[in-house]
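What follows is calculated from the coordinates using simple rules that are stated; it is not laboratory data. All of these numbers come straight from a predicted model, not from anything done at the bench. We place every Cβ from the backbone using ideal geometry, glycine too, and count neighbours over all the protein chains shown.
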Amino acid sequence: MIEVRNVKFVYNEGAEDEKEALHNVSFTVNDGEFVALVGHNGSGKSTLARLFNGLLAPSSGIVKVDGMDTSDKKALFDIRKTVGVVFQNPDNQMVASVIEDDVAFGPENLGLASEEISERVEWALKSVGMAEHRKGTPFRLSGGQKQRIAIAGVLAVKPKVMVLDESTAMLDPLGRDEVMNVITRLNREEKMTVIMITHFMEEAALADRIIVMRDGRVAAEGGKEIFRKRELIESAGLELPVAARIAAKLRERGLDIEGDVTLPGELIDALCP
Amino acid sequence: MKDVTIGQYYPVSSPIHRLDPRIKLLAVILYIVAIFFIQKFVGFALVAVFLLAAVFLSRVPLLKVLRSLRAVLFLVTFTMIISVLFYSSKTAEPLWAWGIIKIYKQGLINAARMGLRLILLVLGPSLLTLTTTPTALTDGLESLLKPLALIKLPIHELAIIMSIALRLIPTLMEETEKIMNAQKARCADFDTGNIFKRAKALIPVLIPLFVSSFRRADELADAMDSRCYRGAKGRTRMKRLKLHFRDFAASFVMLALFFVILVLRYNWFGWAFVAALI
């Protein structure tokens with residue numbers, strides 16, 4: 001679905017303050033996969049989010065979406081139809097003062113008929129559990145609710161891939177849960193490819209595959225077994241999920257815990273079979 | 001915060017609220033033009049009755065409508081006083097004289113006319129904003145101005161700028177409050193001193209606000225791009241404005257009022273005698 005090959009990205013290329021954000025990054029994201037991109041601030045993960053849908057073009061290397069090259073300006077519209085991005089601050093993503101108008105913005109840009117736009121708005125708001133707020137304004141909503149509206153706005157375009165660029169970073173734990181529930185459901189039930197960029201390892205633990213970024217490079221890539229490599233995670237400036245940390249400590253003390261424990265539920269199952 | 005978002009919109013359901021925003025905009029324009037054609041007091045009375053009927057239909061409390069006059073109260077009084085004081089006539093006898101100040105009957109009449117005109121001019125548009133959301137107004141304006149796109153005026157862009165501005169007002173207000181609180185926590189003083197001192201105290205608020213607005217604009221542009229925005233090109237709308245019977249009825253009433261005012265003014269068909277009868 002998305003192929004990143006030998007991508008290098010330099011901010012302010014040629015200027016005095018030029019900064020290389022990505023050095024030779026390569027990976028692929030398959031159809032229907034839930035991938036977490038983790039890394040601490042400045043590891044280049046947010047630059048990647050902007051490369052996925054052509055907001056930025058790589059300085060060298062290739063980013064391909066569904067076979068389309070994101071450096072090709074003519075393909076950008078189709079690329080953005082395929083890859084939707086939800087950003088960090090919900091307040092900076094809304095274009096209208098009425099929720100349904102905001103969600104309608106994407107499909108309106110696609111040039112759909114009025115009835116279809118209305119159906120998509122209804123569907124998208126239902127998918128994020130905000131259908132009853134359709135006629136309301138986003139200003140009174142909580143952060144989690146606002147971010148769900150932003151997700152609905154992206155969903156209404158019906159992209160195949162949804163990229164979340166630290167979309168939970170500004171939310172409280174409750175809001176974070178709301179958003180994560182919506183995302184995992186979309187991935188499981190609607191078979192949507194999800195790329196979740198985050199530094200919360202608890203969220204990354206929900207993904208099928210985890211890509212760890214460090215200083216603009218892919219430091220590690222793999223399934224949940226990656227949480228066994230504590231040094232590697234910590235050298236990338238990250239922390240293991242709480243459940244994995246407890247499991248690791250227990251293993252050190254000689255308790256035999258089998259499998260990769262990353263979620264609280266898994267830890268409970270491992271301790272009380 | 002809420003007041004700014006929706007302007008002074010008064011959220012009830014009424015025939016006036018449901019009118020098409022385009023019709024309401026055009027009606028208000030016609031209403032303003034009509035007021036400038038009025039010379040006789042019977043004309044003002046007619047418009048006042050019309051306005052009262054519209055307010056009654058809109059189910060907005062009359063007091064709420066009249067409140068919009070507060071902003072212009074000073075202007076109205078000032079203009080009226082000036083026009084009384086500066087009216088002079090060689091032929092007529094002043095009603096009252098004190099030194100160089102002479103007050104004439106015609107001066108009083110002129111002042112009354114001017115006052116009535118100003119008051120009616122304010123009340124009409126305020127009924128429009130009380131019964132129409134800013135979003136609906138923007139949509140109406142965009143639709144009305146669409147023909148100008150033919151001569152390459154960026155109507156769609158103007159409309160989207162307006163709607164984003166409306167959308168950002170509450171966000172920026174919130175941000176201002178946050179910055180002010182942050183400065184207050186570091187002993188900034190916004191509430192004392194003369195006007196210059198206070199204005200100066202606002203500089204450390206305005207600069208971060210300015211900077212963050214640019215950052216916001218940047219992020220919003222990215223988010224819009226990500227949602228396939230390409231300007232007006234190939235864009236459709238979910239809500240299409242449609243005219244209903246009530247819109248035609250309202251247009252008819254408004255045109256009739258305008259016609260009667262023209263008749264009164266220019267004595268078409270010699271009908272102005274009607275006014276004399278009332």
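When B:9, B:87 are screened for being crowded, with 17+ Cβ neighbours inside 10 Å and more than 13 Å from residue B:128 (Cα to Cα), only B:87 passes. Within segment A:224-263, how many residues turn out to be part of a loop (DSSP other than H, G, I, E, B) and surrounded by 12 or more Cβ atoms within 10 Å (Cβ to Cβ)? Selection size over segment A:224-263: 12. Annotation note: of A:66, A:72, A:101, the sole residue that is away from every other protein chain (no Cβ under 11 Å) and without any contact (Cβ under 8 Å) to a residue 12 or more places away in the chain is A:72.
Annotation: of all residues in segment A:75-98 being more than 20 Å from residue A:121 (Cβ to Cβ) and free of Cβ contacts under 8 Å to residues at least 40 places away in the same chain, the one that is nearest to the other protein chains (Cβ to nearest Cβ) is A:92.
The combined condition, being loosely packed, with under 13 Cβ neighbours inside 10 Å and either under 30 Å from residue A:104 (Cβ atoms) or within 14 Å of chain A (Cβ to nearest Cβ) (or both), is fulfilled by residue B:214. Only a single item in (1) under 17 Å from residue B:237 (Cβ atoms); (2) more than 8 Å from every other protein chain (Cβ to nearest Cβ); (3) surrounded by fewer than 23 Cβ atoms within 10 Å (Cβ to Cβ) is not met by residue A:110, and it is number (2).
Test residue A:176 against the criterion of being within 13 Å of chain B (Cβ to nearest Cβ) and basic (Lys, Arg), and give yes or no. No, not satisfied. Taking the numbered list (1) touching a strand residue (DSSP E or B) at 6+ places or on another chain (Cβ under 7 Å); (2) farther than 22 Å from residue A:116 by Cα; (3) among the hydrophobic types (A, V, I, L, M, F, W, C) in turn, residue A:174 passes all entries but (1).
Within segment A:113-141, the set of residues being within 14 Å of chain B (Cβ to nearest Cβ), surrounded by fewer than 20 Cβ atoms within 10 Å (Cβ to Cβ) and assigned to a loop (DSSP other than H, G, I, E, B) comprises A:113, A:134, A:135, A:136, A:141.
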